[in-house]
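This report concerns only the one structure given below.
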Amino acid sequence: MLSKLQQLGINIDGRYASDTELQFMDTYISSFDSRVEAYQRIKEVEKEIVETVLQKLRTSYPKLLLPKGEDLQGKWKQDTLRVLRHSAMTVLLDDPELLRQQFLYWFQTIMQAFGAQEVCNITYLIMQDVVKEMLPKNVADLLCPILEINRDLLGVQPKNS
């Protein structure tokens, strides 16, 4: 929403916006209550979501968070909560571009530096399933596309051209 408003301000410089240019605001306003509800539901169960994902990682990928014998579960939890909170805010604001620009590109660099792409890929894939199990469908439908953006940017290594 914020990115779209900013772009609108740039595009209409010195003139009134057309109805077509303002359509995204109608869409956002009509979805606002469901976005607030989704944000609150995610906030209520964030720790359960992260714990459930961690349990599934431990079961299906027991060595993933133990590279070279070092236990990275605490750091993983901290990072995963941070990404989930940014994702919840993205659901509220309906602004994936803001998420990319102000958080994911920066965090992607860190995850690449630590070689954590595989962990991120698996984490956000599993998290989508967990979210679908734990949250109502309307909330999961808003959150899962954001989790897929996270998986795509944090979990997949950039292709060399």
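The values are calculated or read from the model by the stated rules, or taken from the named source; none is laboratory data. Small disclaimer: the values here were computed from a predicted structure and weren't measured. Reconstructed Cβ throughout: ideal geometry from the backbone, glycine too, with neighbour counts over all protein chains shown. The protein model used for the area step is the full one, side chains on, heavy atoms only, and it has no ligands, DNA or RNA in it. Shrake-Rupley method; radii C 1.70, N 1.55, O 1.52, S 1.80 Å.
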*Could you tell me which of the pairs Lys43/Lys137; Lys43/Lys132; Lys63/Lys137; Lys4/Lys137; Lys47/Lys132; Lys47/Lys75 are separated by over 24 angstrom between their Cα atoms in the structure shown?*
Lys63/Lys137; Lys4/Lys137
*Among Leu92, Ala17, Cys144, which residue has its Cα positioned farthest towards the positive end of the charge dipole of the chain, with +1 placed on the Cβ of Lys and Arg, -1 on the Cβ of Asp and Glu, and the dipole taken about the Cα centre?*
Cys144
*So which GluC sites (Glu not before Pro) in the range 23-106 are both in a DSSP loop and have at most 14 other Cβ atoms within 10 Å of their Cβ?*
Glu70
*aspartates and glutamates whose Cα lies under 15 Å from that of Lys77, excluding same-chain neighbours fewer than 8 positions away*: Glu46, Glu48, Glu51
*In square angstrom, rounded to the nearest 10, how much accessible surface does Phe24 have for a 1.4 Å probe?*
40
*Principal-axis tilt of helix 2-11 within the chain, Cα atoms, nearest 10 degrees*: 40
*Given just the C-alpha atoms of the range 69-130, how large is their convex hull per residue in cubic angstrom?*
90
_Kirkwood Rh, angstrom, the chain [1 / mean 1/r, Cα pairs]_ = 17.0
*asked:* If you roll a 1.4 angstrom probe over the protein chains with everything in place, what fraction of the accessible area of the range 37-117 belongs to carbon and sulfur, to the nearest %?
replied: 53
*Evaluate the distance, in nm, between pseudo-label points positioned 7 Å from the Cα of Asp71 and of Thr20 along their respective Cα→Cβ axes.*
6.0
_Distance between the range 1-75 and the range 83-118 - C-alpha centres, whole angstrom_ = 9
